[in-house]
Amino acid sequence: MIIMTYNPYSLEGKTVLVTGASSGIGQSTAIECSKMGASVILTGRNEERLSLTLEKLEGTGHSMIVANLDDETEIEKIVEMASQLNGCVCNAGIGLGTKPAVFYKKKELEQIFTTNTISSILLLKGLVKRKKLINPSSVVFTSSIEGNAITTIGNGMYGMSKAALTAYAKTVALELAPKGIRCNVVTPGMVKTPLTAPTGELTQEQLDADAAKYPLGRYGNPQDIAWGIIYLLSDAACWITGTVLKIDGGITLV
Ligand SMILES: NC(=O)c1ccc[n+]([C@@H]2O[C@H](COP(=O)([O-])OP(=O)(O)OC[C@H]3O[C@@H](n4cnc5c(N)ncnc54)[C@H](OP(=O)(O)O)[C@@H]3O)[C@@H](O)[C@H]2O)c1
C-alpha cells in the first residue's frame with residue numbers, strides 16, 4: 001500500500017527565514033517553501049515588494065521584517081524579531097555590473113562584500129549566538145557558478161564575493177555540525193530575475209543565443225533554484241552539510 005503522506009522533502013511544521021525575499025530567487029523560494037508547508041519569515045529592504053511576496057504565500061503563520069542587511073543594527077533587528085528557526089536561506093545579493101580588475105575601487109569592493117558576503121556571515125553569527133536555529137536546522141547560502149565554477153572577464157568583484165561566501169559556508173558547516181546546524185550552498189547559473197534583466201547592452205537575439213548554449217536549452221527560472229534550496233532545507237538532506245549544489249542547466253559542463 002502506498003502511503004500518500006510520505007514526503008521526506010516536506011517543510012511541514014518548519015519555520016524558515018528567507019533573505020532577499022522581495023524579488024527573484026528569494027521571492028520564489030519563500031513561495032515554494034510555503035507550498036511545502038513552512039511558515040516563512042521574509043526579509044528585504046523594499047516593503048512594498050516584500051508585502052507582495054507575503055500575499056503570495058500559501059498557508060498561515062508567515063511574517064515579514066523590513067531591513068537593510070548592509071547595516072549591522074538592522075541585522076540585529078532581524079535576529080531579535082525572528083522566532084525559533086528550522087531553516088535560514090541567506091540569499092540576498094547584488095551585482096555591480098562588469099569592470100576590469102585594474103579599475104576596481106575600494107568603495108565598490110566594500111559594497112559588494114558587505115552585501116553578498118559579510119551580511120550573511122553576521123546574520124548567521126547573530127542567529128547562532130541568540131540560539132535562534134534549533135537542533136537540527138539547515139542554512140542555505142545562494143552563491144553563484146561565477147567565482148566558484150566559472151570565471152568571466154569583468155565579473156571578478158561579484159565572483160570574489162560569491163567564492164568567499166562558499167568558502168565561509170564550508171568552514172561554518174564544520175564548526176556548526178556539533179550543534180546540528182547544516183550549512184550548504186547553491187550555485188545557480190543564469191536565472192531570469194530583475195538582477196539579470198536585459199539592460200539594453202544586448203539584444204534579445206543575443207540573449208536567446210546565449211541561453212541556447214545551456215545544455216538544457218534555457219536560462220533558469222527562480223523556481224529551479226528554489227526547489228534545490230527546499231531539498232537542502234528538508235529532512236531529505238539531513239546527512240548533507242558543507243556541500244555545493246550546482247543548479248545551472250549544465251552550462252559548466254561545456
Ligand atoms: N539571477 C541570477 O542569474 C543569479 C545567478 C547566481 C546567483 N544569484 C544570486 O541569487 C541571489 C538572489 O538574486 P536574484 O537574481 O533573485 O536578484 P534580485 O531579484 O535582484 O533580488 C535580490 C534580493 O536581494 C535583496 N537585497 C539586496 N541588497 C540587500 C540589502 N542590502 N539588504 C537587504 N536585502 C537586500 C533585495 O531586496 P530589496 O529589493 O528589497 O532591496 C532582493 O530581494 C543573489 O545572491 C544573487 O547573487 C543570482
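The values are calculated or read from the model by the stated rules, or taken from the named source; none is laboratory data. Everything numeric in this text was worked out from a predicted model, so none of it was measured. For neighbour counting, all protein chains shown are included, and Cβ atoms are generated from backbone atoms with ideal geometry for every residue, glycine included.
Would region 160-180 turn up any residue that is modelled with pLDDT under 95 and either in contact with a Leu (Cβ under 8 Å, 6 or more places away or on another chain) or within 14 Å of the ligand (Cβ to nearest atom) (or both)? Steps first, please.
If we filter region 160-180 for residues that are modelled with pLDDT under 95, which is where we start, we get none.
So far as region 160-180 goes, no, none of its residues is modelled with pLDDT under 95 and either in contact with a Leu (Cβ under 8 Å, 6 or more places away or on another chain) or within 14 Å of the ligand (Cβ to nearest atom) (or both).
A Cβ distance below 8 Å, combined with a sequence gap of six or more or placement on separate chains, defines the contacts here; from region 114-131, residues that are within 12 Å of Y168 (Cβ to Cβ) reach residues that are aromatic (F, W, Y) in the pairs N116/Y158; T117/Y168; S120/F141; S120/Y168; I121/Y168. Please verify whether L109 is out of contact with any Gly (no Cβ under 6 Å at 6 or more places or on another chain), modelled with pLDDT of 95 or more and under 24 Å from G156 (Cα atoms), treating the condition exactly as stated. Against the criterion (out of contact with any Gly (no Cβ under 6 Å at 6 or more places or on another chain), modelled with pLDDT of 95 or more and under 24 Å from G156 (Cα atoms)), L109 qualifies.
When you go through G217, G228 one by one, which is the residue that is of a type outside the set (D, E, K, R) and farther than 27 Å from Q84 by Cα? Even if it seems obvious, please write down each step before you answer.
Working: G228 fails: farther than 27 Å from Q84 by Cα.
Criteria check complete, one pass: G217.
Condition check: touching a residue at least 60 places away in the same chain (Cβ under 8 Å), touching a strand residue (DSSP E or B) at 6+ places or on another chain (Cβ under 8 Å), of a type outside the set (G, A, S) and assigned to a helix (DSSP H, G or I). Does T166 satisfy that? So T166 passes the test. No other residue among T98, T114 is exposed (fewer than 15 other Cβ atoms within 10 Å of the Cβ) and of a type in the set (S, T, N, Q) apart from T98. Would it be correct to say that G242 is touching a residue at least 12 places away in the same chain (Cβ under 8 Å) and at positive phi? So G242 passes the test.
Entry remark, region 5-24: residues being more than 16 Å from the ligand (Cβ to nearest atom), touching a residue at least 24 places away in the same chain (Cβ under 8 Å) and polar (S, T, N, Q) number 2 in total. Quick check, is R45 under 16 Å from the mean Cα position of the chain (by Cα), near the ligand (Cβ under 8 Å from one of its atoms) and surrounded by 13 or more Cβ atoms within 10 Å (Cβ to Cβ)? Spelling it out, R45 is indeed under 16 Å from the mean Cα position of the chain (by Cα), near the ligand (Cβ under 8 Å from one of its atoms) and surrounded by 13 or more Cβ atoms within 10 Å (Cβ to Cβ). In region 63-81, the qualifying residues are those that are within 14 Å of the ligand (Cβ to nearest atom) and not in a helix (DSSP H, G or I), and the one that is nearest to the chain's Cα centre (by Cα) is L69. Sub-6 Å Cβ pairs linking a first residue in region 85-101 that is under 13 Å from L123 (Cα atoms) to a second residue that is within 16 Å of the ligand (Cβ to nearest atom) and in a loop (DSSP other than H, G, I, E, B), at least 6 apart or interchain, are N91/G20; A92/G20; A92/L69, ordered by first then second residue.
Sort through V185, V172 and tell me the only one that's of a type in the set (A, V, I, L, M), within 17 Å of S143 (Cβ to Cβ) and not in a helix (DSSP H, G or I).
On the way: V172 fails: not in a helix (DSSP H, G or I).
Among V185, V172, only V185 is of a type in the set (A, V, I, L, M), within 17 Å of S143 (Cβ to Cβ) and not in a helix (DSSP H, G or I).
If you go through region 194-206 and keep only what is within 16 Å of G95 (Cβ to Cβ) and not in a loop (DSSP other than H, G, I, E, B), you end up with P194, L195, T196. Reported count of residues in region 53-62, each being more than 9 Å from the ligand (Cβ to nearest atom) and either of a type in the set (K, R) or buried (at least 16 other Cβ atoms within 10 Å of the Cβ) (or both), is 4.
Just wondering, is there one or more residues in region 130-152 that are part of a helix (DSSP H, G or I) and either surrounded by fewer than 21 Cβ atoms within 10 Å (Cβ to Cβ) or among the aliphatic types (A, V, I, L, M) (or both)?
First pass over region 130-152, keeping only residues part of a helix (DSSP H, G or I): none.
Scanning region 130-152, I find no residue that is part of a helix (DSSP H, G or I) and either surrounded by fewer than 21 Cβ atoms within 10 Å (Cβ to Cβ) or among the aliphatic types (A, V, I, L, M) (or both), so the answer is no.
Scanning region 82-120 for residues that are within 14 Å of the ligand (Cβ to nearest atom) and assigned to a helix (DSSP H, G or I) returns E110, Q111, I112, F113, T114, T115, N116, T117, I118, S119, S120. For region 206-222, the set of residues classified as more than 16 Å from S143 (Cα to Cα) and either β-branched (V, I, T) or surrounded by 15 or more Cβ atoms within 10 Å (Cβ to Cβ) (or both) consists of L207, A211, Y214, Y219, listed by residue number.
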